[in-house]
Structures are given as C-alpha cells and as structure tokens.
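Scroll down for the structure; my scribbles are underneath it.
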Amino acid sequence: MAKSETQDQLYFALQTFTEVNRIITSSHNSDETLARTAKMIAKRINVDACSIYIYDSDRGVLILKATYGLEPSTIETVYMLPSEGLVGLVLERSAPVQESQMQKHPRFKSFPQTKEDSFSSFLGVPLIEHRRSFGVLVVHTIDPRTYSPQEVQLLGSIATQISSLVSKALLMKELDTATQHHSISKKKKGATHQFSGQAVAYGVAIGKAVLLQQSDMEEPQEKSSRSSESEMSDFNAAMDHTISDTLELIEKVSDKVGTEEASIFHAHLMFLEDQHFQEKIKSRIESGNTASWSIYQTVEEYLGAFAEIKDPYLSEKGADLKDVGYRLLHYLGHEVLSVTKKTGILIMRQLLPGDIARLDTTRIKGIILSKGGVVSHAAILARSLRIPAVCVEDHELEQIHDGDPLAINGDSGIAVVYPDKKILEEFKKLLVEQQNYFDHLDDFRDVPCKTTDGTRISLLANIALGSDEMQLPLYGAEGVGLFRTEFYFLLLDRYPSVSEQVQAYSDLLNNVPEDKPVIFRTLDVGADKAAPYMGFQEEENPFLGYRAVRRQLKQKTIIKEQLTAFLMAVEKRSNVRLLFPMITNVDEIINAKELFQQCRLEVEANGTLTADIEIGMMFEVPSTLIICDKFMNEIDFCSIGSNDLTQYVLAVDRNNLLIADLYDPLHPAVLQLIDKLVKTAQEYQKPVEICGEMASDPDGCLILAGLGINSLSMNPPLIPVVKRRLSEISIADARSLANRALEATSPTEVRKMIREMLPDSHS
C-alpha cells in the first residue's frame, strides 16, 4: 500500500467489513468462513499470506484456525503458548507487532510444518472483543518489508471490525458441535441451538422459557340483541375501568423507571379520552351494534391509518392503540390479556406496553419476541427496566418450548436454547460483570457531573411530553435540554388550539424549578414524522423534503399559534430558551426571528408581559456548520442535532438495516464539523449544547467534552451512565483524545483510541 492510500483507509476498512459480513452470511460453517476471510484480507491488502490464530482458554494455547499462504494441512494442528513466538507476543501485548525480517526477532519461533520460513516480514494485530484479546490476525510477505504506521493502523482497523464477526463464527462452530453432541446423546433432554436475532434491550439473562400466549383481537359479534342503551352503558363502564387501569399503570411505571417511560401510557389516555375516537365507537353502538364490535371496528380503522405511517417510531403508536383496544375488550369479557406469575425468560410473539407494565418484572429475567423491534414501546420499557430482550423470526420462536433452558444476550441479539456448560459459564461471567456495573452506576444518579480534575459538565434531559419533567430529579438531570414539542402534536388527531398549547406548556414550566434551564424546540415534522391530519404528501426522500422550519415559514399559521402559546406560557420566566430546527440558511433564521417578534408584539398588545428570550438554532445540516460564522450574529446559542447531522454527512439512513453499520457519529468528518462550530462559537462567545444520541454515547461524551462542549442533553435514564463515564477522565485527557480523534480516518479508530485510554471502562 502506497502512502497516497492513507485517505482510503476508511474505504478499505468498511469494504473489508462488508466483505467479511457477506462471507459469514454465505458460508456454511466457521472453517469456511475463516478460510475465506483470510484469503480475502490477503488479496485486499496485497500480502503473500494471512493467518488467523485463536486463543483456546481451556488449553491455554494459540491455535492456527485459518490461513491463506501457509501450509493448509497445519490448520488446527499448530499451536503455541502465549509466551512463544511473535504471534504469542501480539496476544501478550494486546497490541500490534511487526518485523521486516521476522527470523531476526528474539521471539521468533519456527514452525517448519507451516512453511512460514519462506516468508520474511511479519505484522500481527490482536483480535479484541469486550476489551479481551481472543486471537491474532497475521500477515506476511516473502520479501522483507517495513509496514508504515498507516498500514499498521489499517490492519488494526480491519481486525477491530472483523473481531465480532470472527468471534460469532467461532461461537457458531461451538454451538454446531454441541448440537451434534446433544443430538447423538440419548441422555440429553434437548439440543443446543442458537438464534441470531435483533438486539432490542441490553443485558444478559439465564433462565427457563415461559411461553405466554396472547389471544389475537378477533372480530366480536356485530349485531346486538340488547338495547343500544345497555351496550352504551357497558362501553362507558369499560372505558372507566380502562382509564383507571391506565392511571394505575402510569403510577406503577413512574415509580419503577420514571415518567418518561410512563408517558407511553399518557398516549393511551389520549386515545381513550379523544372525542373523535369515542364518537366513532358510540356512533356504531347507536346503529345497533355491540359495544365489543364497535370498539374492534374503530381500532381496526385507526390501525389501518397507522400502518400507512413509514416512520417506525410513529407506526409503533399502532401497538399503543392495539393495547387500548385489548384492554377495553377485556373489560367487556374478552380474554385477550397476557399475565404470568412464572419466573424465567418470557417468550411471546408481541409484547404490548400494557403487558410488560402488568408483569411481575422481578420474575422476568429476559424476553424473546418475534415482533416489535428496538423502537417499540415494549422495547423502551424493557431497556428502562433492565430486562434483556431479543427479537427473532417467527419460525425460530416456534422452536422454543415452555421450560426449555435459555441464555440470551441483548447486546448481540443472540439466544441459545439448551446452552452447554461452557456457554453457561460465559453467560454467568457476563451476569456478574453486568450486576457490578449497575451497582456502581446507581452511585452516580445524584452527584454532579465532574471530570477527574473537577471540570463541570451540565447534563440535561430530552423530554417529549409535558409530564416528563417529573423524571428530572430521578436521574439527576440539571434541566431540560430539549423539549420536543412535535410529540404533543403527534398524539392528537388535529392541531391543538392556542389555549390547549398554553396549558400544555404551562404544565411543564410550572413543574420545573426556575433555576433549571428549559429549551423549547418548535414543531419539527416532515413526511416521515407526521400525523395524518397534518396533510403531508408522500415524498421520495422525506429527510431532504418539505419539513420543519422550511414548511412552517411558508405555512405560517401553525408556527405563529405555537409561538404565541409559547410566549403566553413562558410570561416573565428567565430560564426558557427557544430553538428552531432544520435551519439551512441565514435567511431562514432571520425570518423565523421576525415571525417570533411579530408574535411577541401581538401577545404584549393583549396585555401579557414577556421575557427576554434567547433564540438558538439547530446545527444539523452540514452546510450550516461549514459557514457557521455567518449565523453567529443572528443567534444567542447553538444546539447540535448529531443524529441528523451524522446521517447527512455520511449519507446513511440509520433506520436502514442494510447500511446501519456505517452510521457512527464518531466519524472524523462529523467530529471535524462539530469542532469547527465549537471554535467559531467560542470566538463569538456563544454557548454550544448537543441534544442528539451522541451526547449519551459513552464514547461520544468523552470526545464532546474534549472538543469543549460542556452541555449535553439526552434521554434521562442515560444520564448516570454519562456521569460515570465522564468521571473517569480529566478534561486534559479528553482534549488530547479529541485532538487525536480529529486526525483519525474512521470511527473504529476513534473508539479504539478511547478503549486504549480507558481500557477498564464499561461502554
């Protein structure tokens, strides 16, 4: 590789990762996977040999598992102690080792049967997973060769990227072996089998399968033999019971995990109390139909509408409505709810929010589903309750029987049925580590966020509903860094009136102390994130479409009503700031400010005194960060939306599973844009905060602190995680880390830097 290829390192690494992933999915077994991987790496980086050695902890030796270029017959027969040879030196150091003429190195040990004596150069890098070296990736050339730092770095990046895939291939081999063993043995009750699904909620669990059958919402009898009055009475009683039940769920979930999670059930209340929803049901009852059928038909009608919504978060509201329908029908005598008192790992096709809230979560060690991925409300609740969860295919779920021993890993999406002794031991180790981590994490809830040298970092909360402010003290949040007002709009079936908005915003502000900041973001909706009543037309690419401020400035009525309601709710409070999203040019922020000033004059003309409110803009479009100096005289503060920024910079839709692995906010290109903004804002003395997921990333928060951002906003349950992480580093080290990250070529390299600096940290 020539020096000019330095700029192509990221491309090579990502292409290699993609190729390895393709090999793994197409190969029939782990031996084939490793062999093809070794050959592919050798060809891609232009070396004469490539080999993969794996450390066998039971035997305490490194074993040659695959090679391209060495003698193939020596695979699985050549082994060495970690104290032997250059390969052992790589494992000992957990760091790269190179030698242009390896025979001259004092640690060189010849294994003639491999015919490696015909090669001169050696470059070995460790294979690392969960901060533990489990193998070595080695390349050779026939001619003597000194590898450049860029080449060493590239092979290290490749090793990092393929480590989890290689580890998974090896685990599959172990499981295949165990399966064969169990199928032959008559003494075993079941065969070891692994399912590789979607990681939904983090953590590991061991237990027996608890199958929980949930009745489908079958169509009830349509016509009633009773009077409409009797059916209406039954409906009203069911409605009262369901509302009461929902209020109890809110209280229960709030006590357990916090009000952000409980806000899921506020959405249920809005369905139940919505006049249009009730009127549709009542109209059907008045036409001579049963209350049950009327509820069923109305719910089905709404579910059809939700099915048209492309955004996964919003379409998930269909599950909320289904949950409401189930509970209404339950109180009309239909057995559709799922409850269990058994202890173990819950097996269900779909888990609705109400189901998980009603379960005795002290008995539920884990969950395996076949419907409802990482964005589902059940998944959100599971993560908050620290219940590991995995989503698998329907046909895989059907292979799990009640009482089967299970082990699941919600970090990797793996579920193992009838795990053998070795697998159980690994899971037990992970359980101990997990518990130690959570025990220590609880200590950080109520302490200020400080680096080791005492630098304060402000940690704020992202909230979606006015009731969410109750979670602030639960997680040690120092204020509201982002109030996403669009979620209030999205829960309704019409635009709220000014008075309704005033009430909603006032309820929030009245429950937040005036010494804690609150940042309101104006309505941020687009074709990908909208309620049906908003009238968005289908767009080929809604992320680049008619959305947020660019829509509001052309259709001013809605934004003017929101700004008016905002000013009336805030009155003279000094702790509130206003944030405009999706700004792409200077004219937009100027026009938005002018519109805000118009609303202020109108509100004051009607006798309401208003505060001197600071105005900021979201920096989430690359163009605004490139020319960020042009905006500084128009705004009071900057807010970075790292989620959209990353998507726009990398041209990656993070919701597209085919390319989601390319989405990483720690990409140096993203970091360089953020660095430019921070430095420019410092020149103009404008504060900078960040409210995207990067803020809650245990690695990302370190880089952000090092870049000079001292205000991070995130989902409240993650605040203690970030506090702990930042307490492990000095601001000087964070700056050093950030400066090195700016010069990196890939996010993998950045994360590797972080692991090297903080090797014992949980991330």
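If you scan region 704-748, which residues turn out to be under 18 Å from the mean Cα position of the chain (by Cα) and closer than 17 Å to residue 476 by Cβ? Spell out how you get there, then give the answer.
Initial filter on region 704-748 (under 18 Å from the mean Cα position of the chain (by Cα)): 712-722, 725, 747-748.
Within region 704-748, 712, 713, 714, 715, 716, 717, 718, 719, 720, 721, 722, 725 qualify.
Does region 682-690 contain at least one residue that is among the hydrophobic types (A, V, I, L, M, F, W, C) and part of a helix (DSSP H, G or I)? There is no residue in region 682-690 that is among the hydrophobic types (A, V, I, L, M, F, W, C) and part of a helix (DSSP H, G or I). Assess whether residue 234 counts as being modelled with pLDDT of 70 or more and either hydroxyl-bearing (Ser, Thr, Tyr) or in contact with a helix residue (DSSP H, G or I) (Cβ under 7 Å, 6 or more places away or on another chain) (or both). Judged against the criteria, residue 234 is a match.
Checked across region 569-579, the condition of being in a helix (DSSP H, G or I), in contact with a Leu (Cβ under 7 Å, 6 or more places away or on another chain), within 20 Å of residue 484 (Cα to Cα) and among the small types (Gly, Ala, Ser) holds for at least one residue. Provide a single number: the residues in region 437-479 that are at pLDDT 85 or above and either part of a strand (DSSP E or B) or over 27 Å from residue 708 (Cα atoms) (or both). Summing the residues that are at pLDDT 85 or above and either part of a strand (DSSP E or B) or over 27 Å from residue 708 (Cα atoms) (or both) in region 437-479 gives 7. Scanning region 701-743 for residues that are within 24 Å of residue 579 (Cβ to Cβ) and touching a Pro at 6+ places or on another chain (Cβ under 8 Å) yields a count of 2.
Yes or no, residue by residue, for (1) out of contact with any strand residue (DSSP E or B) (no Cβ under 8 Å at 6 or more places or on another chain); (2) surrounded by fewer than 19 Cβ atoms within 10 Å (Cβ to Cβ):
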residue: 36; (1), (2): yes, no
residue: 50; (1), (2): no, no
residue: 59; (1), (2): no, yes
residue: 78; (1), (2): no, no
residue: 92; (1), (2): yes, yes
residue: 104; (1), (2): yes, yes
residue: 112; (1), (2): yes, yes
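The residues of region 628-652 that are of a type in the set (Val, Ile, Thr) and without any contact (Cβ under 8 Å) to a residue 40 or more places away in the chain, listed by number, are 649, 652. Being surrounded by fewer than 17 Cβ atoms within 10 Å (Cβ to Cβ) and either in contact (Cβ under 8 Å) with a residue 60 or more places away in the chain or over 30 Å from residue 429 (Cα atoms) (or both) is a description that does not apply to residue 140. Once region 707-749 is narrowed to residues that are basic (Lys, Arg) and free of Cβ contacts under 8 Å to residues at least 60 places away in the same chain, the residue that is farthest from residue 462 (Cα to Cα) is 740.
Just one of (1) of a type outside the set (D, E, K, R); (2) within 15 Å of residue 636 (Cβ to Cβ); (3) surrounded by 21 or more Cβ atoms within 10 Å (Cβ to Cβ) fails for residue 565. It is (2).
Scan region 41-56 residue by residue and report those that are in contact (Cβ under 8 Å) with a residue 40 or more places away in the chain, assigned to a strand (DSSP E or B) and not hydroxyl-bearing (Ser, Thr, Tyr). Give the derivation first.
Initial filter on region 41-56 (in contact (Cβ under 8 Å) with a residue 40 or more places away in the chain): 41-42, 45-55.
Pick out the ones that are also assigned to a strand (DSSP E or B) and you get 49-55.
Within region 41-56, 49, 50, 52, 54 qualify.
Here residue 117 qualifies as part of a helix (DSSP H, G or I) and farther than 18 Å from residue 752 by Cβ.
Among the residues of region 547-559, which ones are outside any helix (DSSP H, G or I) and either touching a strand residue (DSSP E or B) at 6+ places or on another chain (Cβ under 7 Å) or outside the structural domain of residue 494 (by TED's automatic domain parsing) (or both)? Scanning region 547-559 gives a single hit, 547.
The values are calculated or read from the model by the stated rules, or taken from the named source; none is laboratory data. In this text the structure is predicted, and so the values were computed from the model without any measurement. Note: ideal-geometry Cβ built from the backbone for every residue, glycine included; neighbour counts use all protein chains shown.
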